[in-house]
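Report on the following structure.
The values are calculated or read from the model by the stated rules, or taken from the named source; none is laboratory data. Here the structure is a predicted model, which is why all the values come from computation and not from measurement. Glycine gets a Cβ as well: all are built from the backbone with ideal geometry, and neighbour counts include every protein chain shown.
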Amino acid sequence: MIYFFLVYNYKIGTSLIDAQIREIKEDDLMIFASFFSALNSFIKCLILDGNKKINLIELGDYLIRFIPIFPKMHLDLIMVYDKAEQHFSESVIPLIFNKIQEKKEIFVKWDSSSLSEFKPLEDEIVKIVTEKMGSTSRFHN
């Protein structure tokens, strides 16, 4: 099961798209919030040091996958999903990746002022994910 995904600019530490697909237990949500805060600082250090990026993190029953989308723009797709359903969740990645690639102009033209221009793309991706999961329920941050 996919819980949420982000399109994240790791250079400036900003989520351009941030959609929750399934509800995460409140305790786990607090862990993720703290984790992403710490991870943001860690990623900035990695970039400054010129080290390689992180691809996958295991956090309890969850996997956090980092997929480079537009490396020159410092954008990654970050997905959080159940470790037990890794095969299914990773089968959705190419669908999301292709949809984001189709909309590259939105990212190229983004002037850092408003995230609202990403909302239609977010909705398209959520639709792809929920249809693949066979569900229409959605929780949005």
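The figures follow:
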{"item": "Test: residue in region 42-54 that is closer than 21 Å to Met133 by Cβ, of a type in the set (Asp, Glu) and either surrounded by 15 or more Cβ atoms within 10 Å (Cβ to Cβ) or at pLDDT below 85 (or both)", "result": "no"}
{"item": "Test result for Glu58, more than 17 Å from Tyr8 (Cβ to Cβ), of a type outside the set (Ser, Thr, Tyr), part of a strand (DSSP E or B) and at pLDDT below 90", "result": "yes"}
{"item": "Scan of region 62-81 for residues that are more than 16 Å from Phe118 (Cα to Cα) and of a type in the set (A, V, I, L, M), ordered by number", "result": "Leu63, Ile64, Ile67, Met79, Val80"}
{"item": "Failed criterion for Ser91 (all others in (1) within 15 Å of Gln20 (Cβ to Cβ); (2) touching a helix residue (DSSP H, G or I) at 6+ places or on another chain (Cβ under 8 Å); (3) of a type in the set (S, T, N, Q) hold)", "result": "(1)"}
